[in-house]
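Undergrad: Mind looking over this structure? Questions follow.
The values are calculated or read from the model by the stated rules, or taken from the named source; none is laboratory data. Bear in mind that the values here come from a model prediction, so they are computed numbers and not experimental data. Cβ placement follows ideal geometry from the backbone for every residue including glycine, while neighbour counts extend to all protein chains displayed. Areas reflect the complete protein model, heavy atoms only, side chains present, ligands, DNA and RNA absent. Shrake-Rupley method; radii C 1.70, N 1.55, O 1.52, S 1.80 Å.
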Amino acid sequence: MGMSNLSYDVLTVLHNKLEAVSIYDRYIQDSQQAGDEKCRSLFEDIKREDDRHIERLRGELERLVKEGKFR
């Protein structure tokens with residue numbers, strides 16, 4: 001029995017966001033070293049948005065599990 005499309009989708013997006021957030025600090029540091037505050041600010045904004053998305057995805061995953069829809 002495979003995983004439902006919805007469960008797979010939520011897990012895949014969560015995984016991708018977690019991977020991205022783990023590397024943003026390097027991009028922020030690179031921007032700082034290059035003296036480019038606009039890029040630094042952009043990467044920080046993207047990281048904040050992805051952090052927000054991660055929390056929403058975790059909430060949806062929790063809801064799916066509680067409602068028995070995670071399969």
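Undergrad: Give me the extension gain from LEU18 to LEU61: residue separation times 0.36 nm, minus the current Cα-Cα distance, reported in nm with one decimal.
TA: Full extension from LEU18 to LEU61 adds 14.1 nm.
Undergrad: Mind checking which lysines have their C-alpha under 24 Å from LYS69, skipping anything on the same chain fewer than 8 residues away?
TA: LYS17
Undergrad: Taking the Cα atoms of the chain alone, what are Rg (to one decimal) and Dmax (as a whole number) in Å?
TA: Rg, Dmax (Cα atoms, Å): 15.9, 52.
Undergrad: Can you give the accessible area of ARG58 in Å² (nearest 10), computed on protein heavy atoms with a 1.4 Å probe?
TA: 110 Å²
Undergrad: Something else: Amide H to amide H under 5 Å from SER4: which residues, 5+ apart in sequence or cross-chain, H placed 1.01 Å off N in plane?
TA: Excluding prolines and chain starts, which carry no amide H, the hits are ARG71.
Undergrad: Also, quick follow-up: Which loop-located GluC sites (Glu not before Pro) does the chain contain, where loop means any DSSP state but H, G, I, E or B and the Cβ has at most 15 other Cβ atoms within 10 Å?
TA: Here the sparse-neighbourhood loop sites are GLU67.
Undergrad: Could you sort ILE46, ILE54 by their accessible area in this structure, using a 1.4 Å probe and putting the largest first? It would help to have the intermediate numbers written out before the result.
TA: Values: ILE46 60, ILE54 10 Å².
Of ILE46, ILE54, the descending order of accessible area is ILE46, ILE54.
Undergrad: Could you work out [θ]222 nm for the chain from helices alone, using -39500 (n - 2.57) per DSSP H run of at least four and dividing by all its residues? Round to the nearest 500 deg cm²/dmol.
TA: One gets -30000 deg cm²/dmol as the mean residue ellipticity at 222 nm.
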